[in-house]
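Shown next, in structure tokens, is the structure this report addresses.
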Amino acid sequence: MTPIILHSDLNCFYASVEINENPALRGKKIAVCGSTEDRHGIVLTASYPAKRSGVKTGMANWQARQACPVLICVPPRYDLYIKYSKLVRRIYAQYTDDVEPFGMDENWLSIPYGRGDVEGEGQKIAEEIRRRVREEIGLTVSIGVSHSKIFAKLGSDMKKPEAETVISRENYREKVWPLPVSELLYVGPATTRKLRAMNVQTIGALAQADLELLRGRLGKVGVMLWLFANGTDHAAVMPSDFVAPIKSVGHGTTCVCHLDADYSVWRVLYELAQDVGHRLRRYGLAARGVQITVKDNDLDYRQYQTPLPFPSQSPLEIAQAGFALFRQHYFWDKPVRALTIRGINLVSARQPVQLDMFCNAEARERRRALDDCVDEIRRRFGNRAICAASLMGDLKMAQDKCETVMMPGLMYQ
């Protein structure tokens, strides 16, 4: 029996919650912004009236105010958003146990008893859920209905606000294939450029491309995207109690002023690596590789990664690998605006490690003991209770973002 898959997307979620809590904001041009400082604050989401005035998610606050001088900027209240997210999921849970979150405002639902009737039973359930969310919670939701997670996600993006879009086995070529290939989930800017270099401009062109050519150019990602475009992926919606394995642990920051020297970059990377190492130890994981993302003052970003000789939780080793990557690949054609460093290719920290004859095992053990001691001091007395001397003083860091990336249920290995 083929399940019906729904993808629900709460419209302008943060802004909608703020309006729901304060009806005086209804109909006005508002934006929920990550910071009130013009230099590095960005728009997290905006109401539809603000969007119609040119305000976009990810836009700097000062740019948003230029586009919309009457814009009302509201600071985020994440505890409130989590509360609303849970309230909406309670409604979803009355239809199925298989509710897989994709952020606070998006969820996949698998309806097992619909026998794959997306145009009949599927749309009926979507309409009912949409009505209940509006009447019981006060928010609006767009829902995609299909036989695959990817097509359901595409459907929820097609009509906004508050609509259902059905993508069936009979109509997906008409509805999905004309869309730009960048609309497909997991097709980011770099992959889009590679596909366009192969003259693959649309999802339909991707679906009809030679599979071996895609495999040769993009590896297993090319195969995955080809399956997505053809609607033949069979990734299941994970149950609500499913815990995905951690794929990477990272920490990033936007700097309060542009970095223009290697030493400034080193200090920021080393400070960010402190948190990466702490969370690796907390999760009982070690990184076999390091990845950095560098964003310049034109907001163009570049990403580099390298393996580590041995799995590591050490902030110093992670930062040194990231800085070596930076010096190898970045040639200072533009100042640096933001940096992110991640531990990738994670393994259990308890996994035995085969050292080589040139490795100073005693020094590594002393370093591990030192990192554990620093971690304990920070746990008891606060994160700034102890730090490396090189990290004292102004690091030129603004708001930062911790991330723990979970392996999505629909990714192919």
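Val374 falls short on exactly one of the conditions (1) assigned to a helix (DSSP H, G or I); (2) free of Cβ contacts under 8 Å to residues at least 40 places away in the same chain; (3) under 30 Å from Asn297 (Cβ atoms); (4) of a type in the set (A, V, I, L, M, F, W, C), and that condition is (3).
Conditions (1) over 28 Å from the mean Cα position of the chain (by Cα); (2) not in a loop (DSSP other than H, G, I, E, B), marked per residue:
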site: Glu317; (1), (2): no, yes
site: Ala324; (1), (2): no, yes
site: Trp332; (1), (2): no, no
site: Leu339; (1), (2): no, yes
site: Leu346; (1), (2): no, yes
site: Gln354; (1), (2): yes, no
site: Phe358; (1), (2): yes, no
site: Arg380; (1), (2): yes, yes
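Please specify each residue of segment 255-273 satisfying the condition of being part of a helix (DSSP H, G or I) and surrounded by fewer than 22 Cβ atoms within 10 Å (Cβ to Cβ). So that I can check it myself, show each step before the final result.
Taking segment 255-273 as the starting set, the residues that turn out to be part of a helix (DSSP H, G or I) are 262-273.
Selection gives Asp262, Tyr263, Ser264, Trp266.
Within segment 305-327, the set of residues being open to solvent by 30 Å² or more (accessible area, probe 1.4 Å) and closer than 14 Å to Arg267 by Cα comprises Leu316, Glu317, Gln320, Phe323, Ala324, Arg327.
Looking only at residues that are β-branched (Val, Ile, Thr) and not in a helix (DSSP H, G or I) in segment 91-122, which one is surrounded by the most Cβ atoms within 10 Å (Cβ to Cβ)? Before the answer, list the steps.
So in segment 91-122, the residues β-branched (Val, Ile, Thr) come out as 91, 96, 99, 111, 118.
Now drop any that are not not in a helix (DSSP H, G or I), which leaves 96, 99, 111.
Details: Thr96: 21, Val99: 24, Ile111: 22.
Among them, the one singled out is Val99.
Residue pairs whose Cβ atoms lie under 9 Å apart, sitting 6 or more positions apart in sequence or on different chains, and linking a residue in segment 89-118 that is closer than 16 Å to Phe13 by Cα to a partner that is open to solvent by 50 Å² or more (accessible area, probe 1.4 Å) and in a helix (DSSP H, G or I), are Pro101/Arg89; Met104/Tyr78; Met104/Ile82; Asn107/Arg89. Taking residues in segment 206-224 that are more than 20 Å from Pro180 (Cβ to Cβ), and partners anywhere that are of a type in the set (Val, Ile, Thr) and open to solvent by less than 70 Å² (accessible area, probe 1.4 Å), the pairs with Cβ atoms closer than 7 Å and at least 6 places apart or on different chains are Leu211/Val223; Arg215/Val223. Within segment 274-303, the set of residues being assigned to a strand (DSSP E or B) and open to solvent by less than 40 Å² (accessible area, probe 1.4 Å) comprises Leu285, Ala286, Ala287, Gly289, Val290, Gln291, Ile292, Thr293, Val294, Asp296.
Candidates are the residues of segment 123-142 that are in contact with a strand residue (DSSP E or B) (Cβ under 9 Å, 6 or more places away or on another chain) and loosely packed, with under 15 Cβ neighbours inside 10 Å; the one that is farthest from Asn11 (Cα to Cα) is Glu127.
If the condition is being out of contact with any strand residue (DSSP E or B) (no Cβ under 6 Å at 6 or more places or on another chain) and either part of a helix (DSSP H, G or I) or open to solvent by 10 Å² or more (accessible area, probe 1.4 Å) (or both), then segment 146-161 contributes His147, Ile150, Phe151, Leu154, Asp157, Pro161. The set of residues from segment 107-141 being within 21 Å of Trp177 (Cβ to Cβ) and touching a helix residue (DSSP H, G or I) at 6+ places or on another chain (Cβ under 7 Å) comprises just one member, Gly122.
Return the total of residues in segment 332-385 being more than 19 Å from Ala286 (Cβ to Cβ), open to solvent by less than 60 Å² (accessible area, probe 1.4 Å) and not β-branched (Val, Ile, Thr). Don't jump to the end; show me each part of the working.
Quick first cut of segment 332-385, residues more than 19 Å from Ala286 (Cβ to Cβ) only: 332-340, 357-358, 377-385.
From what is left, the residues that are open to solvent by less than 60 Å² (accessible area, probe 1.4 Å) are 334-340, 377-378, 382, 385.
Going one step further and asking which of them are not β-branched (Val, Ile, Thr), we end up with 334-335, 337-339, 378, 382, 385.
Final tally of qualifying residues: 8.
The values are calculated or read from the model by the stated rules, or taken from the named source; none is laboratory data. The model shown is predicted, which means the values in this text are computed figures rather than measured ones. We place every Cβ from the backbone using ideal geometry, glycine too, and count neighbours over all the protein chains shown. Keep in mind that these areas ignore ligands, DNA and RNA; they rest on the heavy atoms of the full protein, side chains included. Shrake-Rupley method; radii C 1.70, N 1.55, O 1.52, S 1.80 Å.
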